[in-house]
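The values are calculated or read from the model by the stated rules, or taken from the named source; none is laboratory data. Since we're looking at a predicted model, the values are computed, not measured. Using ideal geometry, Cβ is built from the backbone for each residue, glycine included, and neighbour counts are taken over all protein chains shown. All accessible areas refer to the heavy atoms of the entire protein, side chains included, with ligands and DNA or RNA removed. Shrake-Rupley method; radii C 1.70, N 1.55, O 1.52, S 1.80 Å.
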Amino acid sequence: MIYFDYAATTPMSENALNIYAKAAKNAYGNSSSLHDIGDISARTLSASRKVIATIINGHEKGVYFTSGGSEANILTVQSLLNGIQHKKHIITTANEHSSLHTFFKNLESKGYEVSYLKPNQQGIITLNQIQSEVSKETALVSIQHGNSEIGTINPIEDIGLFLREERVLFHSDCVQTFGKIPIDVKHIDAISISSHKIYGPKGVGAAYISPSVHWQPILPGTTHESGFRPGTVDVPAIAAFAAAASDISKDQQKLYDHFLQLKNQLIEFLEPYHDKISLINAHLPHTLPNILPFLFNGIEGQYVMLEANRFGMAISTGSACQVGMQAPSRSILAIGYNEQQAKQYVRISLGKDTTFTQIEKLGKVLINIVENFRK
């Protein structure tokens, strides 16, 4: 089977696997233990923290390892809110990742006022929207960097600069963009990232909170990760995460160019069928070239996905965290499509091992699905 669902998860790279095995053998001690074996783990953990911090131009003291991107999102937002309890207004978007969307809905039941910004037709949140919503009561703004379903990229550095002047905390979910495009936290208070999106192991991610920002832990008395989260730290997985992050950051521009070439090849291949297979934001510059959101006119995305699977192609109908909910994509609805159109959505996402030959095979399969459906 040919894999086209890299936005959901990636296979571990050989280097990450090797580092994991090496760390599991040599850095197996509890990193909080004071003996020499614990010290090996502590030093491995520290080195991994420095790697992540360097990639995002942050300080190692601001890196806190978590069990993944979703936990990083929730712990970061709640910890930041705990530090500013006198303000109860939050600004976010209508198409955030499900982990944050459901969390913000929960916060509404606890007395918070949440403003859900609707992106423009390209799926982008503009600085003007933020400026019009910020008030003296705004505690936090949380805007995703890159959307996992349509690939649009928000101007988080510009937003961060404005919010810094307004003294409003700013968090960004960078799970889909980390390792794909440059991230600089100079003007961003906090971000969330994940390992398994960049060829590292599942079950590990990280939050970054600027050391200059005040926050309070969710569980007082927690000792691990400077009180950010409880539980023995998974040092081997974190070491593998750092290795994967280091590798992908070195190849970032090369991979970006490769994805763009693959994307253009598929667009050109499917051009004769553009009335039946359309790529959302096909030529919009502010998008991740590895995420290709297609609409199949008159054909439900789930049917396309199942047929592609029958032909040996693994694609998806959106974020893996929402699959099974039987609801159309919030991201597609947010940019102006109706429910029927949103159900015709399919996501194809590319990885470092995707080839031009595979793209050609995928194109033929998609055309075959459309022609057979007509019959």
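Worth pointing out:
- Under 5 Å from the amide H of Leu169 lie the amide H atoms of Val141, each residue being 5 or more positions distant or on a separate chain, with H modelled from the backbone and absent for Pro and chain starts.
- Under Karplus coefficients 6.51, -1.76 and 1.60, residue-wise ³J(HN,Hα) of the stretch 308-313 in Hz, glycine/proline x: 4, 4, 5, 8, x, 10
- Derived scalar couplings ³J(HN,Hα) [the stretch 46-51; Karplus, 6.51 cos²θ - 1.76 cosθ + 1.60; whole Hz; x for Gly, Pro]: 5, 5, 5, 4, 5, 4
- With each label modelled as a point 7 angstrom along the Cα→C-beta vector, the Ala47-Lys361 pair spans 3.8 nm.
- Surrounding net charge for Ile55, when Lys and Arg each add one and Asp and Glu each subtract one, Cβ distance under 15 Å: +2
- Between the amide H of Gly318 and those of Arg347, distances stay under 5 Å, these residues lying 5 or more places away or on another chain, with hydrogens modeled in the peptide plane.
- Theoretical FRET efficiency, 1/(1+(r/R0)^6), r = Cβ-Cβ of Gln78 and Ala327, R0 22 Å, to 0.05: 0.30
- Modelled spin-label separation between Met1 and Ala24, with each label point placed 7 Å from Cα along the Cα-to-Cβ direction: 2.3 nm.
- Probing with 1.4 Å while keeping every protein chain in the model, the per residue accessible area of the chain equals 44 Å².
- Taking the average, over residues, of other Cβ atoms within 10 Å as the packing measure, peptides 202-209, 263-270 rank 202-209, 263-270 from highest down.
- Diffusion constant of the stretch 64-206 at 37 °C, which comes from Stokes-Einstein with the Kirkwood Cα-pair radius and 0.692 mPa s, µm²/s: 217 µm²/s
- Count Lys and Arg as plus one, Asp and Glu as minus one, and take only other residues whose Cβ is under 15 Å from that of Leu279; the net charge is then -1.
- For the listed residue pairs Lys50/Lys186; Lys25/Lys202; Lys25/Lys180; Lys25/Lys61, the alpha carbons are over 25 angstrom apart in Lys25/Lys180; Lys25/Lys61.
- Remark: the stretch 124-136, residue by residue, has Karplus-estimated 3J(HN,Hα) of 9, 8, 9, 4, 4, 5, 5, 4, 6, 9, 5, 9, 5 Hz, where x stands for each Gly or Pro and the curve is 6.51 cos²θ - 1.76 cosθ + 1.60 at θ = phi - 60°.
- For the chain, share of DSSP beta bridges that run antiparallel, in % to the nearest 5: 55 percent
- Net charge contributed by nearby residues that have their C-beta within less than 13 Å of Gln129 (K/R +1, D/E -1): -1
- Straight-line cross-link reach from Lys276 at under 29 Å between alpha-carbon atoms covers these lysines, not counting any fewer than eight positions away in the same chain: Lys118, Lys263, Lys343, Lys352, Lys361, Lys364, Lys375.
- Cut-off under 5 Å, modelled amide H: who pairs with Thr66 long-range: Gly205, Ala206, Ala207
- Which label in [x] 21.0, 71; [y] 20.4, 65; [z] 23.9, 76 gives the computed Rg and Dmax of the Cα atoms in Å: [x]
- Carbon/sulfur fraction of accessible area - the chain, other protein chains in place, 1.4 Å, %: 51 percent
- DSSP bridge orientation in the stretch 77-225 - percent antiparallel, rounded to nearest 5: 30 percent
- Label-to-label distance for Leu306 and Ser33 is 5.2 nm, based on points extended 7 Å past Cα in the beta-carbon direction.
- For the stretch 276-375, the calculated P(r), taken from all Cα-Cα distances in 10 Å bins from zero up to the bin holding the longest distance, is 14, 50, 32, 3 percent.
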